[in-house]
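Asks: First the structure, then my questions, so here it is.
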Amino acid sequence: MPRYTVTVDDREYDITLDYFSDRLDAVVNGEKRRVVVHKLQDTRSLILIDNRALEVDVRTNGVETGSGERIVFMRGREIPVTVEDYSLARMRKTAGMSLQAKAEKAFTAPMPGLVVEVRVEPGQTVRKGDPLVVIEAMKMENVLKAKSAETIKAVPVTGGQSVEKGDTLVEFE
Amino acid sequence: MSKQIKKILIANRGEIAVRVIRACDDLGLTSVAVFSDCDRAAYHVRLAHEAVYVGPSPSSESYLVHDNIIKAAKETGADAVHPGYGFLAENAEFAQRCADEGIIFIGPRPKTIRALGDKLEAREMALKAGLPVVPGTDTPTDDVATAKKFASEIGYPVLVKAAAGGGGKGMRVVESEDAFEESLATASREAQSAFGDGRVFLEKYLVQPRHIEIQILCDEQGNCIYLGERECSIQRRHQKVIEESPSPVVTEALRRQMGEAAIGIARESGYVGAGTVEFLVDQDLSFYFLEVNTRLQVEHPVTEMVTGIDLVKEQIAVAEGRPLRLTQDDVHMNGHAIECRIYAEDPEAGFMPSTGQLKNYRIPAGPGVRVDSGVVIFSEVPIYYDPMIDKLIVWGQDRSEALARARRALEEYRLSGVKSTISFHRTVLQNERFIRGDISTRFLEEEYPDNNYGSYDDQLMESAAIAAAVEKLLTERKISLVNSGPSSSRSGWVGYYRGKGLRRFGGSR
């Protein structure tokens with residue numbers, strides 16, 4: 001039976017799914033949940049979890065699907081989650097890799113813009129929240145900050161350069 | 001001088017263009033939209049009677065080009081131009097150009113726009129009209145030494161403001177002397193790039209002020225009324241995100257005082273049309289003049305909801321040279337209205353703009369709910385403009401009913417494809433301090449210093465996890481659930497694996 005490890009924020013859910021003609025029986029961290037899914041369109045569905053109705057849209061938001069990163073839009077919120085096969089997640093954890101380490105080898109531009117200033121250089125270590133690069137977009141200066149503690153490997157951009165969404169701004173060790 | 005307007009060109013885009021088009025329709029007037037390359041199929045273009053292309057996507061090559069807008073107005077025979085907010089709304093030169101070309105500019109006279117747009121001149125007018133002002137520099141400067149000396153005189157924190165700025169751009173708060181030079185440089189650079197003028201003003205920064213503004217409406221005959229206040233203290237990067245009317249702290253007496261002060265500066269500047277006089281209100285409820293916005297504000301709907309007055313219609317009537325239909329005694333505030341600006345931004349990443357296509361978009365409805373939107377499903381949120389998607393405005397008999405309706409409406413949104421500030425609003429509307437009305441312009445930085453607006457409850461997190469796992473299962477294994485037929489106790493995997501096994505041995509598909 002398919003078994004998944006789903007990470008939401010820093011919480012982990014071990015989910016097993018069994019399917020029947022009219023429902024899915026889920027076991028979530030040992031607790032049973034009855035799930036009924038009505039596909040609406042594309043990535044949107046109406047799901048009932050133990051009769052609780054939720055209109056959800058599960059999207060990849062441009063990230064490659066292989067990474068397991070999804071955004072769940074529901075109840076007026078966008079919730080970033082990571083879905084992995086249970087066995088793969090276990091292997092990753094045995095290897096001592098955090099999800100972050102796996103995901104964040106580089107810092108990419110979240111939007112197109114103009115690099116105003118580069119605040120780091122190769123070899124430097126940064127803490128979570130330290131400024132990396134300042135980008136001007138929509139006439140505002142946005143200070144892009146480190147999401148975790150890292151060591152800078154390379155900075156392929158310089159001030160005055162324009163970048164597209166997804167361009168690598170800073171590479172980490 | 002009175003002239004009937006029959007056709008209005010709206011020199012704007014997005015929700016405000018839609019708002020003005022609706023007013024035109026209500027009045028039986030013809031509307032003309034303008035559009036840039038990336039706005040060819042935009043919602044405002046779809047709603048207008050006529051539409052004219054005005055240039056490439058960057059606003060400096062389209063919506064801001066005076067010649068192109070004037071040409072479009074002439075080509076379509078528009079009698080008047082409504083500038084909306086932003087873009088050319090507070091551009092005296094453009095207003096003058098319209099007058100020279102015989103086109104009515106729906107807004108104040110060019111000289112009023114010019115005078116009030118100059119922070120120094122506006123301050124002088126305010127003083128002349130007897131309005132209290134916050135201590136600050138009288139002249140703009142780009143000299144660091146002079147500025148620093150003045151800053152230590154009035155004491156930190158100090159606000160650095162671009163001389164030509166507005167809308168929060170080129171504004172920096174400096175907490176202490178050490179950070180002064182860097183902040184001055186950043187503000188000056190932003191001002192230079194946004195407005196072509198790097199000079200700045202310094203001003204004493206009130207520690208926990210409220211931002212409260214008065215809506216005014218004046219005609220050419222010299223009549224002037226105020227339409228109550230709007231509390232706009234919830235701001236990020238000095239830009240308003242939640243506004244309400246009335247303010248939780250403004251009493252009838254204070255409203256009258258502030259309203260009369262607002263009319264004072266309106267008269268001093270020869271104001272005509274709709275405008276907003278902004279004040280900072282200190283904790284002891286003393287108020288200080290901030291500036292006059294010589295245009296329709298983004299948050300004008302909250303005033304419309306509590307007064308029942310259509311501000312755009314009144315703007316048009318005044319622009320035709322008609323006297324106001326209302327006197328001060330006709331203005332009554334009824335109930336409470338709240339506006340939440342829904343931006344395509346990621347609140348958790350410091351309100352970073354998030355561009356892309358709206359893959360799903362369904363707006364709330366029901367009692368007391370109004371949504372002023374500039375988009376429809378599958379619209380693109382382009383990188384070139386302000387990333388506001390729509391404005392949710394709710395009305396209730398009192399503040400608590402309005403809050404409840406706002407929470408309900410936010411939950412009704414179905415929006416995906418870009419990040420939005422919907423969840424941010426939900427979090428703030430549940431904040432105890434916000435519910436008590438205990439707010440200031442520093443509310444967000446005090447309550448959410450790390451931009452952590454997430455706070456999902458356990459059930460929501462678990463549901464998201466289940467939804468994501470189910471999606472992965474259904475897409476990867478290409479299972480289609482039928483959701484019909486009798487309930488079965490037999491696991492679908494039995495058939496699934498049997499089918500798979502058969503295929504492996506070359507069996508039937």
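Just so it is clear, none of the values below were taken in a lab; they were calculated from the coordinates. These numbers come from a predicted model, not from an experiment. Here the Cβ positions follow ideal geometry from the backbone for every residue, glycine too, while neighbour counts run over all protein chains shown.
Asks: Amide H of B:ASP197: which non-local residues (sequence gap of 5 or more, or other chain) have their own amide H closer than 5 Å, using H built in the peptide plane?
Replies: Those qualifying (amide H under 5 Å, at least 5 residues apart or on another chain) are B:GLN192.
Asks: Let me ask you something else. Hey, what do the phi angles of the stretch B:294-301 turn into as Karplus ³J(HN,Hα) couplings, whole Hz, using 6.51/-1.76/1.60 and θ = phi - 60°, x for Gly and Pro?
Replies: My calculation for the stretch B:294-301 gives 8, 7, 6, 8, 3, 8, 4, x Hz in order.
Asks: Taking every alpha carbon pair in the stretch B:336-458, what does the distance histogram look like in 5 angstrom bins from 0, in percent?
Replies: The calculated distribution, bin by bin, is 2, 11, 21, 23, 20, 16, 7, 1.
Asks: Using alpha carbon centroids, what distance separates the stretch B:19-80 and the stretch B:337-369, in Å?
Replies: Measuring centre to centre over Cα atoms gives 24 Å.
Asks: Identify unpaired cysteines across chain B, taking unpaired to mean no other cysteine Cβ lies under 4.7 Å from the residue's Cβ.
Replies: Unpaired cysteines in chain B: B:CYS24, B:CYS38, B:CYS98, B:CYS232, B:CYS340.
Asks: Cα extents of chain B along the three principal axes, largest first, in whole Å?
Replies: Cα spread of chain B along its principal axes, largest to smallest: 92, 57, 45 Å.
Asks: Here's another thing I want to ask about it. Residue by residue, what Karplus-based ³J(HN,Hα) values in Hz, rounded to whole numbers, does the stretch B:153-158 have, using 6.51, -1.76 and 1.60 with θ = phi - 60° and x for Gly and Pro?
Replies: Running phi through 6.51 cos²θ - 1.76 cosθ + 1.60 with θ = phi - 60° gives 5, 7, x, 7, x, 10 Hz.
Asks: With everything on Cα atoms, drop me the angle between helix B:399-412 and the longest principal axis of chain B, reported from 0 to 90° to the nearest 10.
Replies: The angle comes out at about 40 degrees.
Asks: What list of ³J(HN,Hα) values in whole Hz, one per residue of the stretch A:33-39 in order, does the Karplus curve 6.51 cos²θ - 1.76 cosθ + 1.60 (θ = phi - 60°) give from phi, with Gly and Pro shown as x?
Replies: Taking θ as phi minus 60°, the curve returns 9, 9, 10, 10, 10, 10, 5 Hz for the stretch A:33-39.
Asks: On to the next question. Could you work out the mean count of beta carbons from other protein chains within 10 Å of each residue's beta carbon in B:350-361? Could you put the intermediate results ahead of the total?
Replies: Working: counts 4, 2, 10, 8, 5, 6, 4, 0, 0, 8, 9, 0.
Per residue, the average neighbour count from other chains is 5.
Asks: Give the Rg (one decimal place) followed by the Dmax (whole number) of the stretch B:85-125, computed from C-alpha coordinates and expressed in Å.
Replies: 10.5, 32
Asks: To continue, here is another question. Step by step: find N for the protein assembly as shown, compute 2.2 N^0.38 Å, then divide the Cα radius of gyration by it. What's the final number? Numbers along the way, then the final one.
Replies: Values: Rg = 27.5 Å, N = 682, 2.2 N^0.38 = 26.3 Å.
Relative to the rule-of-thumb radius for its length, the protein assembly as shown sits at 1.05.
Asks: How large is log10 I(q)/I(0) at q = 0.15, 0.16, 0.17, 0.21 Å⁻¹ when the Debye formula is applied to the Cα atoms of the stretch B:208-334, each weighted equally and without solvent?
Replies: -0.63, -0.72, -0.81, -1.25
Asks: Then there's this: Calculated FRET efficiency, B:ASN452 and B:GLU101, Cβ-Cβ r, R0 45 Å, to nearest 0.05? Kindly include the intermediate steps, with their values, before the conclusion.
Replies: On the way: r = 52 Å, r/R0 = 1.15.
In this case the efficiency is close to 0.30.
Asks: Further question on the same structure: Which whole-number percentage describes the relative contact order of the stretch A:37-173, with Cα contacts under 8 Å and a sequence gap of 6 or more? Provide the component values of the computation, followed by the final result.
Replies: Values: 258 pairs, mean separation 25.3, N = 137.
For the stretch A:37-173, the relative contact order is 18 percent.
Asks: If packing is taken as the average number of other Cβ atoms within 10 Å across a peptide's residues, how do B:392-403, B:102-113 rank, most packed first?
Replies: Details: B:392-403: 19.3, B:102-113: 21.9.
For the peptides B:392-403, B:102-113, the packing ranking is B:102-113, B:392-403.
Asks: Using the C-alpha gyration tensor of the stretch A:40-173, what are the square roots of 5 times its eigenvalues, in whole angstrom, with the largest one first? Don't skip to the answer; put the middle values down first.
Replies: Numbers: eigenvalues 208, 88, 27 Å².
For the stretch A:40-173, the ellipsoid semi-axes come out as 32, 21, 12 Å.
Asks: Let me ask something else about it. In vacuo Debye scattering of the stretch B:1-123, one point per C-alpha: log10 I(q)/I(0) at q = 0.19 Å⁻¹?
Replies: Evaluating at q = 0.19 Å⁻¹ gives log10 I(q)/I(0) of -0.98.
Asks: About the Cα centre of the stretch B:371-427, how large is the charge dipole given +1 on each Lys and Arg Cβ and -1 on each Asp and Glu Cβ? Please answer in debye to the nearest 20. Before the final figure, lay out the partial values.
Replies: Numbers: 8 positive and 8 negative charges, 47 e Å.
The dipole of the stretch B:371-427 has a size of about 220 debye.
Asks: Tell me, what is the percent relative contact order of the stretch B:336-458, built from C-alpha pairs under 8 Å that lie six or more residues apart? Don't jump to the answer; show the numbers that get you there.
Replies: Details: 213 pairs, mean separation 40.9, N = 123.
Normalised by residue count, the contact order of the stretch B:336-458 is 33 percent.
Asks: Relative to the longest principal Cα axis of chain B, at what angle does helix B:492-504 sit, 0 to 90 degrees, rounded to 10?
Replies: 70 degrees
Asks: Work through the residues other than B:TYR63 whose Cβ is under 10 Å from its Cβ and net out their charges, Lys, Arg +1 and Asp, Glu -1. Provide the component values of the computation, followed by the final result.
Replies: Numbers: positive: B:ARG13; negative: B:ASP39, B:GLU61.
Overall, the nearby charge balance is -1.
Asks: For B:TYR53, what is the net charge nearby, where nearby means another residue's Cβ is under 10 Å from its Cβ and Lys, Arg count +1, Asp, Glu -1?
Replies: Numbers: positive: B:ARG40; negative: B:ASP37, B:ASP39.
The answer is -1.
Asks: So, one more: Give me the tail of P(r) for the stretch A:104-172 as a percent: Cα-Cα pairs with distance above 20 Å.
Replies: On the way: 407 of 2346 pairs.
Distances greater than 20 Å cover 17 percent of the Cα pairs.
Asks: How big is the gap, in Å, between the Cα center of the stretch A:1-73 and the Cα center of the stretch B:414-451?
Replies: So the separation of the two Cα centres works out to 28 Å.
Asks: Let me ask something additional. Treating only the Cα positions of the stretch B:98-159 as identical point scatterers, give the base-10 log of I(q)/I(0) from the Debye formula at each q in 0.26, 0.30 Å⁻¹.
Replies: Rounded to two decimals, the profile gives -1.11, -1.21.
Asks: Calculated from DSSP H runs of 4 or more alone, at -39500 (n - 2.57) each and per residue, what is the 222 nm mean residue ellipticity of the protein assembly as shown, nearest 500?
Replies: Working: 19 runs with 196 residues, N = 682.
Mean residue ellipticity, 222 nm, calculated: -8500 deg cm²/dmol.
Asks: For a distance above 21 Å, tell me the whole-number percent of Cα pairs in the stretch B:181-267 that qualify.
Replies: 52 percent
Asks: Distance cut-off 27 Å, Cα to Cα: go down the list A:LYS105/B:LYS419; B:LYS128/B:LYS313; B:LYS161/B:LYS313; B:LYS111/B:LYS161 and report the pairs above it. Each step should come with its number before you reach the end.
Replies: On the way: A:LYS105/B:LYS419 23 Å; B:LYS128/B:LYS313 32 Å; B:LYS161/B:LYS313 34 Å; B:LYS111/B:LYS161 23 Å.
B:LYS128/B:LYS313; B:LYS161/B:LYS313, as the Cα separations exceed 27 Å there.
Asks: Which whole-angstrom value gives the distance between the alpha carbon centres of the stretch B:186-224 and the stretch B:381-397?
Replies: Cα centres, the stretch B:186-224 to the stretch B:381-397: 22 Å.
Asks: Follow-up. Which value in Å is the Kirkwood Rh of the stretch A:1-65 over different Cα pairs?
Replies: Details: mean 1/r = 0.0766 Å⁻¹.
Every distinct Cα pair counted, the radius reaches 13.1 Å.
Asks: Restricting things to Cα coordinates, could you compute the convex hull volume per residue of the stretch B:135-204 in Å³?
Replies: Working: hull volume 4.8 nm³, N = 70.
Value for the stretch B:135-204: 68 Å³ per residue.
Asks: Ok, one more. What number in nm² do you get for the stretch B:343-412 if you take the convex hull of its Cα atoms and divide its surface by four? Let's see the in-between values first.
Replies: On the way: hull surface 21.0 nm².
That works out to 5.2 nm².
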